[in-house]
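J.: I am attaching a structure below and will ask some questions about it afterwards.
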Amino acid sequence: MTDTATENPVHDWIAKAVADHPVVLFMKGEPEQPRCGFSAVVVQILDHLGVDFVGVDVLQNDAIREGIKSFSDWPTIPQLYVKGEFVGGADIVREMFQNGELKPFMTEQGVLAA
């Protein structure tokens with residue numbers, strides 16, 4: 001059996017980014033200047049909660065833009081990763097925030113002070 005991670009340098013790069021940073025948002029644009037409404041919503045929610053995160057602009061690199069979709073098996077961007085785990089896209093993050101699940105989740109993960 002072969003390890004697919006080593007056969008895909010983009011997946012390797014994504015895996016390293018997700019491993020190196022507690023909270024990573026693969027998004028269109030940068031946290032200071034999102035270039036799509038869905039990315040802007042997730043940035044606003046993370047900023048509102050005070051979560052420290054790293055934004056990766058997928059518009060800068062087509063390989064990453066396509067690679068993140070196959071890496072997570074999720075068709076849309078933005079994509080939020082916390083402690084190496086895929087949390088979801090804009091709809092899921094917004095839903096978790098609105099029903100009060102996101103803040104406790106971030107606290108449990110140790111990326112937000114209680």
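J.: Could you please find all residues in the range 75-89 being closer than 15 Å to Met106 by Cα and in contact (Cβ under 8 Å) with a residue 40 or more places away in the chain?
T.: Start the filter on the range 75-89 by keeping residues that are closer than 15 Å to Met106 by Cα, which leaves 80-88.
Passing the criteria: Leu80, Tyr81, Val82, Lys83, Gly84.
J.: Please determine whether any residue of the range 91-105 is surrounded by 14 or more Cβ atoms within 10 Å (Cβ to Cβ), within 13 Å of the chain's Cα centre (by Cα) and part of a strand (DSSP E or B).
T.: Checked the range 91-105: no residue is surrounded by 14 or more Cβ atoms within 10 Å (Cβ to Cβ), within 13 Å of the chain's Cα centre (by Cα) and part of a strand (DSSP E or B).
J.: Could you tell me which residue of the range 49-66 is farthest from the chain's Cα centre (by Cα), considering only residues that are assigned to a helix (DSSP H, G or I) and either modelled with pLDDT under 95 or among the acidic types (Asp, Glu) (or both)?
T.: Asp62
J.: I'm checking my understanding of the structure. Among residues of the range 67-88 that are open to solvent by less than 30 Å² (accessible area, probe 1.4 Å) and more than 14 Å from Pro22 (Cβ to Cβ), which one is nearest to the chain's Cα centre (by Cα)?
T.: Ranking the qualifying residues of the range 67-88, first place goes to Gln79.
J.: To continue, here is another question. Looking only at the range 40-49, which residues are more than 15 Å from Gly29 (Cβ to Cβ) and open to solvent by 60 Å² or more (accessible area, probe 1.4 Å)?
T.: Within the range 40-49, His48 is the sole residue that qualifies.
Okay, residues lined up against (1) surrounded by fewer than 15 Cβ atoms within 10 Å (Cβ to Cβ); (2) without any contact (Cβ under 8 Å) to a residue 40 or more places away in the chain; (3) more than 14 Å from Ala90 (Cβ to Cβ):
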| residue | (1), (2), (3) |
| --- | --- |
| Asn8 | no, no, yes |
| Lys16 | yes, yes, yes |
| Asp20 | yes, yes, yes |
| Phe26 | no, no, no |
| Gly29 | no, yes, no |
| Arg35 | yes, yes, no |
| Val51 | no, no, yes |
| Val54 | no, yes, yes |
| Asp57 | no, yes, yes |
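J.: Another question, if that's okay. When you scan the range 73-90, how many residues do you find that are more than 20 Å from Glu30 (Cα to Cα) and not in a loop (DSSP other than H, G, I, E, B)?
T.: Adding up the residues that qualify gives 1.
The values are calculated or read from the model by the stated rules, or taken from the named source; none is laboratory data. Computed from a prediction, not measured in an experiment: that's the story for all the values here. Note that each Cβ is placed from the backbone with ideal geometry, even for glycine, and that neighbours are counted across all protein chains shown. Surface accessibility is based on the protein's heavy atoms, side chains included, excluding ligands, DNA and RNA. Shrake-Rupley method; radii C 1.70, N 1.55, O 1.52, S 1.80 Å.
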